[in-house]
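Visitor: Dropping the structure in here first, questions after.
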Amino acid sequence: MKIYTRTGDKGMTSIIGGPRLPKYHPRIEAYGTIDELIAWIGLLRGAKENVTRVEELITVQATLMQCCAIVATDPSKQSSEIGEEIIKTMEEAIDVMQDTLPELDSFILPGGSESVSHCHIARCVCRRAERAVLRLGETESAPSDVVKYLNRLADYLFVLARAICYETDSEEVKWLPGKK
């Protein structure tokens, strides 16, 4: 099978069970941003700091693929959803990491190491994906379970960045307004 079909050469693409849409359509933007996030999670999965989290990150990628499929499906044909159990598992992973971290008493500046920075970039892409799905909801059906999962995943990525920072003895720089 050839990878190229030439069917998108005029700026249109198909969604699952629905019509062809312009590639700039909010639905395409939403699942395209989730696809970008999947790639960022893949980068995190390959980091040596995450060797013990590989299976967890594969599960995140698989769930994001499910989110992509849901968003890429015509709303009248959507039948799949992100189960509450997946969100609960994400919350438990956040809690486990957070239990090992000192209390956060200020905002922090993203960075500290390459892996920590990648977590923060993935978190920002995750928030953009969340906004894209919400924006889709302004004009047509947007899956609320996908929004909920993306919201929780952004929290997970923030805590993961902090966990890696502490596990590697990287400096976590607090944001102190007015200070240089």
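Visitor: Applying the selection to segment 128-144, what residues are free of Cβ contacts under 8 Å to residues at least 60 places away in the same chain and part of a helix (DSSP H, G or I)?
Guide: Glu130, Arg131, Leu134, Ser144
Condition check ((1) exposed (fewer than 12 other Cβ atoms within 10 Å of the Cβ); (2) over 16 Å from Ala154 (Cβ atoms); (3) modelled with pLDDT of 95 or more) across all residues:
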| position | (1), (2), (3) |
| --- | --- |
| Pro19 | yes, yes, no |
| Ile38 | no, no, yes |
| Ile58 | no, yes, yes |
| Ser76 | yes, yes, no |
| Ile82 | no, no, no |
| Ala93 | no, no, yes |
| Pro102 | yes, yes, no |
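Visitor: When you go through Val96, Val125 one by one, which is the residue that is within 21 Å of Tyr24 (Cα to Cα) and either assigned to a helix (DSSP H, G or I) or charged (D, E, K, R) (or both)?
Guide: Val125
Visitor: Of the residues that sit in segment 130-145 and are among the charged types (D, E, K, R) and within 22 Å of Glu85 (Cβ to Cβ), which one is surrounded by the most Cβ atoms within 10 Å (Cβ to Cβ)?
Guide: Here the residue is Glu130.
Visitor: Moving to a separate point now. Can you pull out the residues in segment 145-170 that are assigned to a loop (DSSP other than H, G, I, E, B) and in contact with a strand residue (DSSP E or B) (Cβ under 8 Å, 6 or more places away or on another chain)?
Guide: none
Visitor: Only one of Thr100, Thr59 is closer than 20 Å to Ala39 by Cα and among the hydroxyl-bearing types (Ser, Thr, Tyr); which?
Guide: Thr59
The values are calculated or read from the model by the stated rules, or taken from the named source; none is laboratory data. Note that the structure is a prediction, hence the values are computed from the model and not measured. Positions of Cβ are backbone-derived with ideal geometry, glycine not excepted, and every protein chain shown enters the neighbour counts.
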